[in-house]
1. What angle do you read, to the nearest 10 degrees and between 0 and 90, between the alpha-carbon axis of helix 27-38 and the longest principal axis of the chain?
2. How large is the Kirkwood hydrodynamic radius of segment 27-74, counting all unique pairs of alpha carbons, in Å?
3. For Kirkwood radius over Cα pairs in Å, pick the label among (i) 14.8; (ii) 16.8; (iii) 17.6 that corresponds to the value derived from the coordinates.
4. Cross-link candidates for Lys15: which lysines have Cα within less than 25 Å, leaving aside residues fewer than 8 places away along the same chain?
5. Using a 7 Å offset from the Cα along the Cα-to-Cβ direction at both Ala14 and Asn112, what is the distance between the two label points in nm, to one decimal?
6. Given R₀ = 25 Å, FRET efficiency for Asp125-Ala60 by Cβ-Cβ distance, to 0.05?
7. Report, to the nearest 10°, how far helix 5-18 tilts away from the longest principal axis of the Cα atoms in the chain, using its own Cα long axis and a range of 0 to 90°.
8. Considering Cα pairs under 8 angstrom that are at least six residues apart, work out the relative contact order of the chain and quote it in whole percent.
Amino acid sequence: MQTNSIVHLSQAIAKVAAWQAPIRLGETTIAYFETLASFSPPADAERYRAVLKPETKEGAAAFEYMLANEPRHASMLHTSISPNMVTGGYRVNVIPSEAKATLDVRLVPGENPEQLLESVRKVVDDPTVEVGW
């Protein structure tokens, strides 16, 4: 199956899906979570303050909590990538030479698109898979 484009593509998709783009905190995001913490119940307020320190154990735990329980807040903290469309093959008995995936990318403000693309290429780490906009 070394030449099966769907196999290569599915492995690339799995790697990207498992990868987490780094947290990027802009002024607006910081102000939002600080304000939210100021009037939230204590446990929530603690998480909202902690997530502003992603390099700490508490910040990482707060982000993981938000990924699982508050996806709207987690999405404000990092660029998200979701594989949403996949095509490939045209007959059941023919190994596909091409396959294509379209991923929905939602950049946080201030994210450099070309740097993100380079990060995704490193995550995929497969010269047979073309990564581009």
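1. 50 degrees
2. 10.4 Å
3. (ii)
4. Lys57, Lys100, Lys122
5. About 3.2 nm, to one decimal.
6. After rounding to 0.05, the efficiency reads 0.55.
7. That helix lies at roughly 10 degrees to the long axis.
8. So the answer I get is 31 percent.
We did not get these values from a lab; they are worked out from the coordinates using the rules stated. What you see is a predicted model, and the numbers here were worked out from it, not measured in a lab. Glycine gets a Cβ as well: all are built from the backbone with ideal geometry, and neighbour counts include every protein chain shown.
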